[in-house]
Amino acid sequence: SSLSVVTVSLCHIIFIVNCCCTERPKAKVSIKPDQHVFRGETVTLRCDIYGEGVTRWKYSWYKDGSVSVFSELQEHIFSSVTESDAGKYSCYGAERGGSRSSHISDAVTLTVSGEFHHLFINTHTHTHTCAFDVTNG
């Protein structure tokens, strides 16, 4: 019947608008100063989401595939990183006060090595004084 054709067409249009035309943005993790750091360094994890029309995101951070969120800030700072902070980090964003959400980011691996020791090389300049006792006779 013509009613069932209209219903199918309407559902198809709603599907296209909701699923195809409002593409979900992808979240991206960055680590500063580097993905490989030494124990005791300050490390910043940052989640960036490039989605048109969304200005306020609520962030969710995950470690090693866990479903529990350990931070909801765009940037998470380890002030003195330890080996237990090493792992694979990913993030996700949901629009604050809205319905949009991002795809979860690819996981980025943070590696923490033993303590970094600064190498100080002291160079001393030695001055030698030579004294000659010259006596005649």
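Filter the stretch 87-116 for residues that are assigned to a loop (DSSP other than H, G, I, E, B) and open to solvent by less than 30 Å² (accessible area, probe 1.4 Å); which is nearest to Thr42 (Cα to Cα)?
Across the stretch 87-116, the extreme among qualifying residues is Ser105.
Quick one: what pairs do we get from the stretch 89-111, first residue among the hydrophobic types (A, V, I, L, M, F, W, C), second modelled with pLDDT of 95 or more and assigned to a loop (DSSP other than H, G, I, E, B), C-beta under 7 Å, 6+ apart or different chains?
Note: pairs meeting the criteria are Cys91/Ser105; Val108/Gln35; Leu110/Gln35; Leu110/Ala86.
Before we move on, is Asp64 over 12 Å from the mean Cα position of the chain (by Cα) and not hydrophobic (A, V, I, L, M, F, W, C)?
yes
The values are calculated or read from the model by the stated rules, or taken from the named source; none is laboratory data. All values derive from a computational prediction rather than experimental measurement. Every residue, glycine as well, gets a Cβ built from its backbone with ideal geometry; the counts of neighbours run over all protein chains shown. Remember, those area values only see protein heavy atoms, side chains included, never the ligands or the DNA or RNA. Shrake-Rupley method; radii C 1.70, N 1.55, O 1.52, S 1.80 Å.
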